[in-house]
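Rule-based calculations on the coordinates, nothing more; no lab input. What you are looking at is a predicted structure, and each value in this text was computed from that prediction instead of being measured. For neighbour counting, all protein chains shown are included, and Cβ atoms are generated from backbone atoms with ideal geometry for every residue, glycine included.
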Amino acid sequence: MKKILVIEDNQANLELLHEILTAEGYHVLQSQNAEDGIEAARREAPDLILMDIQLPRMSGVEALRVLKADEKTSKIKVVAITAFAMKGDRERFLREGFDGYIAKPFRYKEIIGTIKAFSQQQDRDAFSEKPRNQWRSV
């Protein structure tokens, strides 16, 4: 996993995530609203999307529905990043279709741990999808 799209309208949060992710070696794409984020996802095909829930004009939940309905973006994992951190919020966003959840304020270890978990899952999925005729015995 190398390319991460961050959709976040708060400039300070966007800069913080950019700094954390680039320090870890990820290529970071940025968008400050859902509409531009959806277009960036279609154009750039990121490995993972970190998306704020409270975005201007279109919420993160609405944007997720658009992404999951589009053949080009439906398989991209999307993690909710949100200030909604009350009991039950995590489960609610997972039910909405998000693949993960990170509460604000951000914690460095949680962000990196979440991304690494998705990266490992992506590696396992790619390994298991390899056609059988490409396997060679040693």
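Could you give the size of the charge dipole of the chain about its Cα centre, using +1 on the Cβ of each K and R and -1 on the Cβ of each D and E, expressed in debye and rounded to the nearest 20?
640 debye
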note = What the 5 Å binned alpha carbon P(r) of the stretch 60-122 shows, as percent of pairs per bin from 0, is 4, 17, 26, 24, 20, 8, 1
query = Which residue, ALA80, ALA103, ALA12, has the most motion in a Gaussian network model of the chain that connects Cα atoms within less than 10 Å?
reply = ALA12
request  = Would you please name the GluC sites (Glu not before Pro) within the stretch 61-91 that are DSSP coil residues with at most 13 other C-beta atoms within 10 Å of their C-beta?
outcome  = GLU71
inquiry  = For a quick check, take a GNM of the chain with Cα springs below 10 Å and name the residue from LEU16, LEU64, LEU50 with the largest mean-square fluctuation.
reply    = LEU16
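Per DSSP H run of at least 4 residues, take -39500 (n - 2.57); add these up for the chain, divide by its residues and hand me the 222 nm value, nearest 500 deg cm²/dmol.
Theoretical 222 nm ellipticity from helices: -14500 deg cm²/dmol.
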ask   = If you work out P(r) over Cα pairs in 10 Å bins from 0, in percent from the coordinates, which of [x] 12, 43, 32, 9, 4, 0; [y] 11, 44, 37, 8, 0; [z] 10, 32, 36, 19, 2, 0 do you get?
value = [x]
inquiry  = Please check: in the Gaussian network model of the chain (C-alpha springs, under 10 Å), which one of PHE118, PHE98, PHE106 has the largest mean-square fluctuation.
reply    = PHE106
